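Asks: Before I ask anything, here is the structure I am working with.
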Amino acid sequence: MSNYFYDMLPKEELAQLNFIPTVPEFVEWISEKWADRVAVSNLEVSYTYAEFGKRIARRRAFLNSLGIKKGDKVAIFERNSIDAIEMFLAATSAGYVAINLPSMLPGPAVVGCCARFDVSVLVVRDEFKEAVAGAPCKVVPSASIADVEAPVAVVDRNEPAAIFFTGGTTGAPKGAILPHRAIMRGSFNALYAPGAQLTGDRYIAFLPLSHVFGLIASTLGAFYRGATWFAAEDMKATIGKIPVIKPTKLVLVPGLCEVLIGLTKMYGPQFLGGQLKAIITGAALVPPRLGVEFNKLGIEFYQGYGMTEGANLTSANANVSEKPDSVGKIYPEQEAKIVDGELWYRGDNTFLGYYKDPENTAATLTEDGWVKTGDLARFDEDGFLYITGRIKNIIILANGENISPEVIEDRYYKYPTVRDCLVKEVVENGEGVIAIEILPLMQAFEGKTPQEIEAYFRNLVEEVNAASPSVQRVTKLIIRTEDFKRTGSLKVARNQ
């Protein structure tokens, strides 16, 4: 048992929690435990947990009326709405397997996913209905709800609950099958933070429900603690409502942290509503300056590590100011080890495999349950984890040297003038050399000319090179004037 995490929560709060239920048990528990608290809201309508539970039961009745059987796939093509989260919980608590599809997917891709993943029912937002014509399954509106309630299903904790797409910054996405135990272990892990956690926080669902970080840390983790979850159907419009919603906690990717820091500098700290206590971030490399900026505003800043195959939450760092480069300690009741430089872990947060993809499953999941992350990592003497790169991103130079681009990038992220960067190999004069593309933090260069900005970064590259091993020195500098291409979780895409 890791005291690092268990000691964070008051013992009286730990005693109140339903420890790692299945999703059906969880839905019933929160409906009763937090009955009178507001569960979900979009600033037009709000439902208490008791009402939320009844609405989910009516959604279950609707899905059951479609004649599908336990284990069938229910895909949800929606924005981050109350309809979306109710349908997800209805499907998973009825014994079906839910698939949250990214709302930005083009219609033909949605139709293709329905065929590829053997979807029986596609739940669709009205504005997307025309785009999915021809889907090889039943198509129903996301607002569908019955007049009667249906009970939850009895499921085993090892049965599939949902499928999430995973692809990282490169490669074709795969469908990771998460069982009930994994989803609920990840959601339970989201409770860990210093101090009381069951006091009724307010979250905004900025991260898409199709992303496991958004579904687990930002949503089910919020429900676990009896918080109010605000829908964010339109991210830009919802950001503008932050002063009205007055969130107390936010789960964000680093790119969104950047946006909020920029807005507080434009409009003042009051833009965040005056009640924001903590920000939890991950899903991409976290520049240390973000923690510094939020700490200046009196906001706690936590970061962690996870992957879709591990229900997203594998480690967390509540000591960012002391160990800004670490993704923290491994959550309780998980095992982790380093094998030939690669991080492996196992526990009840792990996935069952990739849907109809035995080759990739065998390459990632060992017979005795270890997940091979593909991440290069190390532990320090205090047990804190550091991710140092991705195996598949390794650059092999002509002299045979292996270079991790993330190691080099991390040196540049320590400078507050660097918003984002990307290290890659380019060919010059017939030879491969290390190049870095830098996206400047333009607020730091107000009044400076492009020539002055370029001169600054050339000096910065020289400074970093001087302190780096010769094989890791950058030869070519590219200063970007436009943002990088990004993945759905706002990571810098490496295939650019």
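Asks: Starting from the Cα-Cα distance between V407 and V433, subtract it from 0.36 nm times their residue separation and give me the gain in nm to one decimal.
Replies: Between V407 and V433, full extension yields an extra 7.8 nm.
Asks: By how many nm would the segment from L263 to K372 grow when fully extended, if each residue of separation counts as 0.36 nm and the alpha-carbon distance is taken off?
Replies: Working it through step by step, the gained length comes to 35.3 nm.
Asks: Moving on. Which percent, to the nearest 5, of DSSP beta bridges fully inside region 1-153 are antiparallel?
Replies: Of all bridge pairs located within region 1-153, approximately 20 percent are antiparallel.
Asks: Among 114-124, 331-341, 309-319, 45-55, how do they line up by average Cβ neighbours within 10 Å per residue, starting with the highest?
Replies: Output ranking for 114-124, 331-341, 309-319, 45-55: 309-319, 114-124, 45-55, 331-341.
Asks: What does the charge count near A362 come to, summing +1 for each Lys or Arg and -1 for each Asp or Glu among other residues with Cβ under 15 Å from its Cβ?
Replies: Spelling it out: positives minus negatives among the neighbours equals -2.
Asks: Using a/c under 1.5 as the rounded threshold, could you call region 236-357 rounded, prolate or oblate? The axes a ≥ b ≥ c are square roots of the C-alpha gyration tensor eigenvalues, and prolate needs a/b larger than b/c, oblate otherwise.
Replies: Prolate is the answer for region 236-357, as a/c is 1.5 or above and a/b outweighs b/c.
Asks: With all protein chains present, calculate the accessible area of W229 using a 1.4 Å probe and round the result to the nearest 10 Å².
Replies: Number for this one is 0 Å².
Asks: Using a ≥ b ≥ c from the Cα gyration tensor of region 305-426 (square roots of the eigenvalues), is it rounded, prolate or oblate, where a/c under 1.5 gives rounded and otherwise the larger of a/b and b/c decides, a/b for prolate?
Replies: Oblate is the answer for region 305-426, as a/c is 1.5 or above yet b/c matches or exceeds a/b.
Asks: Does a label point 7 Å from the Cα of K138, set along Cα-to-beta-carbon, have any residues of region 45-74 with amide nitrogen under 19 Å, and which are they?
Replies: 56-74
Asks: So, in Å, what gap is there between the alpha-carbon centers of region 349-406 and region 439-496?
Replies: If we compute the Cα centre of each part, the gap is 27 Å.
Asks: Quick one: order S210, S321, S187 from most to least accessible surface, probe 1.4 Å.
Replies: Reading off the accessible areas and sorting them downward yields S321, S210, S187.
Asks: Okay, next question. Label D380 and V292 with points 7 Å out from Cα along Cα→Cβ: what is the distance between them in nm?
Replies: Spacing of the two 7 Å Cα→Cβ label points: 1.7 nm.
Asks: Is any residue of region 183-200 close enough, with backbone N under 17 Å, to a label point placed 7 angstrom from the Cα of Q16 along the Cα-Cβ axis, and if so, which?
Replies: In region 183-200, the label zone of Q16 (backbone N under 17 Å from the point 7 Å along Cα→Cβ) covers 188-200.
Asks: Taking a spot 7 Å from the Cα of A363 along the direction of its beta carbon, which residues of region 371-406 have an amide N less than 11 Å from it?
Replies: Residues 392 fall inside that zone.
Asks: Could you please state, rounded to a whole Å, how far the C-alpha centre of region 213-238 is from the C-alpha centre of region 1-50?
Replies: 13
Asks: Take every DSSP beta bridge whose two residues both sit in the chain, then give the antiparallel share in percent to the nearest 5.
Replies: Bridges in the chain are about 60 percent antiparallel.
Asks: Additional query: Kindly report, to the nearest 10 Å², the accessible surface of E359 as traced by a 1.4 Å probe over protein heavy atoms only.
Replies: 150
Asks: Net charge near V426: determine it from the other residues with C-beta under 12 Å of the C-beta of V426, scoring Lys and Arg +1 and Asp and Glu -1.
Replies: -2
Asks: Once every DSSP H run of n ≥ 4 in the chain is given -39500 (n - 2.57) and the sum is divided by its residues, what mean residue ellipticity at 222 nm do you get, rounded to the nearest 500 deg cm²/dmol? The partial results should precede the final answer.
Replies: Details: 16 runs with 140 residues, N = 496.
Here the helix-only value at 222 nm equals -8000 deg cm²/dmol.
Asks: Over the chain, with every protein chain in place, what whole percent of the accessible area is carbon and sulfur at 1.4 Å, could you tell me?
Replies: Carbon with sulfur: 51 percent of the solvent-accessible area.
Asks: Tell me, in nm to one decimal, what length is gained between A146 and E452 on full extension, where the rule is 0.36 nm per residue of separation less the Cα-Cα distance?
Replies: Details: separation 306, 0.36 × 306 = 110.16 nm, distance 6.40 nm.
Additional length available on full extension: 103.8 nm.
Asks: Which option, [x] 21.8; [y] 23.6; [z] 22.5, is the value of Kirkwood radius over Cα pairs in Å that was calculated from these coordinates?
Replies: [y]
Asks: Then there is this: Out of every Cα pair in region 1-141, what percent are spaced more than 17 Å from each other?
Replies: Across region 1-141, Cα pairs with separations above 17 Å total 64 percent.
Asks: May I pose another question? Assuming a viscosity of 1.567 mPa s and a temperature of 4 °C, what translational diffusion coefficient in µm² per second does Stokes-Einstein assign to region 278-336, Rh being the Kirkwood radius over Cα pairs? Provide the component values of the computation, followed by the final result.
Replies: Working: Rh = 11.8 Å.
In µm²/s, the coefficient is 110.
Asks: Could I ask something else about it? Over region 161-305, what is the mean sequence separation of C-alpha contacts under 8 Å (at least six apart), divided by residue count, expressed as relative contact order in percent?
Replies: This gives 18 percent for region 161-305.
Asks: Now for a separate question. Relative contact order for the chain: what is it in percent, counting Cα pairs under 8 Å that are at least 6 residues apart?
Replies: That works out to 11 percent.
Asks: When only the heavy atoms of the protein chains count and the probe is 1.4 Å, how do K174, K356, K476, K265 rank by accessible area, highest first? Walk me through the intermediate numbers first.
Replies: On the way: K174 45, K356 145, K476 65, K265 115 Å².
In descending accessible area the options line up as K356, K265, K476, K174.
Asks: Something else now. Report the accessible area of Y224, computed with a 1.4 Å probe over the heavy atoms of all protein chains in place, in Å² rounded to the nearest 10.
Replies: Using a 1.4 Å probe on the heavy atoms, I get roughly 0 Å².
Asks: For the pair E482/D340, report the inter-label distance in nm, with labels modelled 7 Å from Cα in the Cβ direction.
Replies: Roughly 4.0 nm, to one decimal.
Asks: Where the centroid of each part is defined by its Cα atoms, how far is region 283-327 from region 183-209 in Å?
Replies: Centre-to-centre distance over Cα atoms comes out at 15 Å.
Asks: Before I look further, what does region 117-232 give for accessible area per residue, probe 1.4 Å, in whole square angstrom?
Replies: Result: 31 Å² of accessible area for each residue.
Asks: Right, something else. Excluding Y386 itself, calculate the net charge of residues whose Cβ lies under 15 Å from the Cβ of Y386, where each Lys or Arg counts +1 and each Asp or Glu counts -1.
Replies: On the way: positive: K323, K329, K337, R378, R390, R411, K414; negative: E322, D325, E342, D375, D380, E381, D382, E406, E409, D410.
Once positives and negatives cancel, what remains is -3.
The values are calculated or read from the model by the stated rules, or taken from the named source; none is laboratory data. Everything quoted here is computed from the prediction, not taken from an experiment. Note: ideal-geometry Cβ built from the backbone for every residue, glycine included; neighbour counts use all protein chains shown. Each accessible area value is taken on the protein alone, full model and side chains, heavy atoms only, with ligands, DNA and RNA left out. Shrake-Rupley method; radii C 1.70, N 1.55, O 1.52, S 1.80 Å.
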